[in-house]
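A short reminder: the numbers here are calculations on the coordinates, not readings from a lab. Computed from a predicted model, the values in this text were never measured in an experiment. A quick note on method: Cβ atoms are made from the backbone with ideal geometry, for glycine too, and the neighbour counts reach across all protein chains shown.
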Amino acid sequence: MLRKFMISAFGSVALMFSATAFAQGTAADARAMLDKTVTAIKADKAKTLDLINKGEGGFRQGDIYPFCSNVSDDKIVAVGNPNAKGLIGTDGRSLKDANGTAYGQELYAAASKPDGQITEVSYMFPKPGADKTPVAKVSFATKVGDLICGVGYYK
């Protein structure tokens, strides 16, 4: 009986974590993670980019995650979405969504603004997880030294 209880309890905990693994984040969650990302990059850029790419250190919470590219060439250097790892190394300015919106150019525009000024961009992009269907997303992006970093939330 104890064994059945333990198996049932483990199954319930596993279900709870899988259901919340990609919980819906809010605009406030995205802004808070962007602030955290900026602070961490200023403290240790290499470590932060590594943590973002691994989705560790609090840099992936539900469907909220950061992404960063170089100001010089807009080469994507970090992305917390496991579905978007193929974008690393590409020129972010070339990115368009399923509707043809050139959101990569809009995100790159953040590089022309002073550090800390926020650019808000709306586009379609797949959430983390198994379903790769693009959904409405709003990202906040800012320049952080020689990087452009952003965090978005899904509507």
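Things worth noting here:
- Residue among ALA141, ALA30, ALA40 with the largest mean-square fluctuation in a Gaussian network model of the chain, springs linking Cα atoms under 10 Å: ALA40
- When each of GLU120, GLU106 is scored by the number of other beta-carbon atoms lying within 10 Å, the sequence from fewest to most is GLU120, GLU106.
- Relative exposure of ARG93, ARG31, judged by other C-beta atoms within 10 Å (fewest first): ARG31, ARG93
- Pairs from the list LYS47/LYS132; LYS42/LYS132; LYS36/LYS113; LYS45/LYS85; LYS75/LYS127; LYS113/LYS137 with a Cα-Cα gap above 26 Å: LYS47/LYS132; LYS42/LYS132.
- Think of the stretch 25-154 as having a plus end and a minus end, set by charges on the Cβ of Lys, Arg, Asp and Glu; of GLY57, ALA110, ALA136, GLY57 sits farthest toward the positive end of this dipole.
- Ranking of ASP50, ASP146 by neighbouring Cβ atoms within 10 Å, starting from the fewest: ASP146, ASP50.
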